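The values are calculated or read from the model by the stated rules, or taken from the named source; none is laboratory data. Because the structure is a prediction, the values reported are computed rather than measured. For neighbour counting, all protein chains shown are included, and Cβ atoms are generated from backbone atoms with ideal geometry for every residue, glycine included.
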Amino acid sequence: MGRILLASGTHPRPNSLVRAFNSVATIVRYRNDPPFNDISFSSIYSPLKPYDKLQRNYVKHFRFEQIEPEKFLSHGGFGAVWAAKYRSHDNDANQEEIAVKIHYNYYQEGSEDDDITATDNLDFLHKQRAREVDLRPPGPHPNIVPILDDFFDRAPPVKTEGEGGREASWEGVEKFPDGFGGRPYTLYLLMERFDGSLDDLLNGKWKPTTTFSSSMNSASFLMRQPASHEIASGSPFEIPTSNMEFSSLCLRTEEAIGVAVQMVEAVAHLQRYHIAHRDIKPSNFLVRSRNLPKRVDLLNGETVEAINLRLQVALTDFGCAIRTVDHAIGRDCTTVSHSGNIALWAPEVAVHFSDPQTSDQQCTLPSIYSRADLWAVATIAYQLFGRPNPFLSGELSSTNYAESELPMLPSAAPGVLVWVLHSCLRRNPSARPPAPLVADVLHTWCLLANLKRFLSPRLFDKVVPQIPLPMEILVKAAGGDFLNNEETWLTMKLAAEGFSRLHKRLDDPLRRKLRQLLQLTWTADWLLGAAKVTGLRHLFYQRVTLERFAFCLAFVQFAEKAKLLSAFK
């Protein structure tokens with residue numbers, strides 16, 4: 001079967017690929033005809049090897065002496081980060097690469113004889129640890145940087161005395177004499193090391209590596225010419241594949257959507273545990289090159305990388321995080337101050353803290369941050385498509401902007417992303433969609449884009465069912481009041497929900513067609529890596545139901561049809 005699939009990858013007839021995927025889907029039968037959300041896939045996938053490897057090699061009682069500092073990486077309001085190595089406990093010669101965040105200690109002085117486990121002695125650092133460690137959602141998540149270990153120990157010396165041991169050289173530590181110098185103890189956070197930040201990527205300071213140097217080297221990641229592969233056209237669902245009209249520093253459409261969906265996945269995971277990050281910005285999203293599955297080099301390299309996305313994006317720096325629901329008995333209110341990136345405050349937060357009558361109150365509801373992170377992520381979408389972030393550039397202020405003033409994306413941007421922007425950037429937080437829905441809609445767009453790579457327009461229309469939508473919605477959309485009309489989206493949402501309810505009968509032909517489509521896409525993604533644990537769409541397949549898939553498919557089709565009717569002007 002593997003030979004059939006690999007042979008079909010370059011076969012001129014796309015039917016061979018469809019038959020191969022359907023055959024593999026039959027063999028795998030990962031759902032075995034239960035409801036789509038009633039099965040665990042953990043037994044199918046291998047463990048998270050990078051995490052397990054680091055955990056196996058932990059020094060059980062980590063201390064300053066085990067860390068070998070390398071280069072200085074960055075600094076923020078609460079600490080500085082270095083690249084480092086540590087000696088594993090089972091083999092002193094074996095060293096693992098990590099990143100070490102060392103928190104500033106501005107508030108505590110004393111001697112090394114003090115009890116560092118006492119909260120009174122290191123009150124501020126204990127509070128920071130509670131945010132950075134305890135407020136990270138439990139369990140590994142591909143889009144959240146994990147904390148491998150944390151401990152209190154001696155602050156790095158500002159003046160070094162040679163190499164190795166407790167006086168190992170920490171590059172650039174002399175820049176922070178107030179945070180480290182003369183302080184006996186501080187907080188260390190050990191994290192997985194990434195290659196750079198999203199800010200580095202957008203500014204051209206870092207480019208991802210690739211295993212397919214012949215067709216896609218790191219320089220071609222920033223598109224400057226049309227894609228060399230052919231994309232079927234002629235159907236109502238058009239997938240833009242080139243950013244010719246964009247700036248030379250923007251990402252390709254598929255990769256921009258892939259980066260955006262990973263940022264949204266991180267926020268969705270935080271929302272699930274009622275956590276707000278409160279410092280969303282490009283520099284707090286770390287990036288690294290993703291390892292592609294083995295044996296896919298026999299297929300078209302560019303196609304494989306577009307499907308699996310060679311960039312992994314993960315959120316870090318939880319120094320400003322809070323819980324959006326206070327679990328204290330009898331109250332849902334705490335004293336909340338705000339720090340972080342003021343330019344990307346969501347409107348409800350900016351208005352609250354700019355109003356003297358509310359900002360001076362002793363009690364601020366943490367719930368005002370419940371959908372603030374999603375708003376901040378949506379603003380970064382402009383940068384992914386080579387446009388300046390209007391709130392970082394000062395063009396707009398979150399305190400008083402009107403939704404009609406939001407800049408438009410280039411015309412080559414897919415209609416579904418325009419929906420994301422104008423839905424997630426609404427001033428009313430209750431009118432913004434939940435982050436999991438936004439992620440699933442973007443994942444669905446990616447799935448359809450991938451199918452367009454393999455199937456002719458005729459076969460694509462045969463495989464992908466068209467969701468029936470009321471014609472009055474599209475007519476209203478073409479009238480020009482589509483973008484800022486919440487009634488339009490509400491009507492469309494009800495239509496999609498009604499459609500999904502129609503197909504709960506197992507004998508319904510359209511339901512079977514949707515099921516086959518989802519099995520087809522899962523099989524392709526599993527074989528090429530996108531559906532596996534660290535893959536781009538692993539989380540999507542974990543939570544999707546057939547009704548949810550139909551709902552997202554309706555959204556994507558509606559957004560593209562509305563765009564074709566010139567609703568997005």
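Remarks
- Residue within the range 113-125 that is under 30 Å from Ala268 (Cα atoms), loosely packed, with under 12 Cβ neighbours inside 10 Å and at pLDDT 65 or above present: no
Conditions tested, residue by residue: (1) in contact with a Leu (Cβ under 9 Å, 6 or more places away or on another chain); (2) in a helix (DSSP H, G or I); (3) modelled with pLDDT under 70.
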| residue | (1), (2), (3) |
| --- | --- |
| Glu487 | no, yes, yes |
| Lys493 | no, yes, yes |
| Trp522 | no, yes, no |
| Asp525 | yes, yes, no |
| Thr534 | yes, no, no |
| Phe551 | yes, yes, no |
| Phe558 | yes, yes, no |
| Lys561 | yes, yes, no |
| Ala567 | yes, no, yes |
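- The test for being outside any strand (DSSP E or B), modelled with pLDDT under 85 and touching a helix residue (DSSP H, G or I) at 6+ places or on another chain (Cβ under 7 Å) holds for Arg166.
- Filtering the range 51-87 to residues that are at pLDDT below 70 and buried (at least 18 other Cβ atoms within 10 Å of the Cβ) leaves Leu54, Phe62.
- Subset of the range 513-537 (residues that are within 19 Å of the chain's Cα centre (by Cα) and either charged (D, E, K, R) or over 22 Å from Ile144 (Cα atoms) (or both)): Asp525, Lys532, Arg537
Yes/no matrix, rows are residues, columns are (1) under 21 Å from Val267 (Cβ atoms); (2) free of Cβ contacts under 8 Å to residues at least 24 places away in the same chain:
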| residue | (1), (2) |
| --- | --- |
| Tyr369 | yes, no |
| Ser404 | no, no |
| Thr444 | yes, no |
| Arg458 | no, yes |
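- In the range 509-519 there is no residue matching the filter, namely being at pLDDT below 85 and at positive phi.
- One residue stands out in the range 423-479 among those that are at pLDDT below 85, of a type in the set (A, V, I, L, M, F, W, C) and outside any loop (DSSP other than H, G, I, E, B): the one that is surrounded by the fewest Cβ atoms within 10 Å (Cβ to Cβ), namely Met471.
- Selection from the range 262-292 of residues that are closer than 11 Å to Asn143 by Cα and out of contact with any strand residue (DSSP E or B) (no Cβ under 9 Å at 6 or more places or on another chain): Val264, Ala268
- Check on Ser411, of a type outside the set (A, V, I, L, M), in contact with an Asp or Glu (Cβ under 8 Å, 6 or more places away or on another chain) and assigned to a loop (DSSP other than H, G, I, E, B): yes
- Tally of residues being hydrophobic (A, V, I, L, M, F, W, C) and closer than 21 Å to Leu448 by Cβ across the range 381-423: 12
- Condition check for His338: within 26 Å of Lys101 (Cβ to Cβ) and at pLDDT below 80: yes
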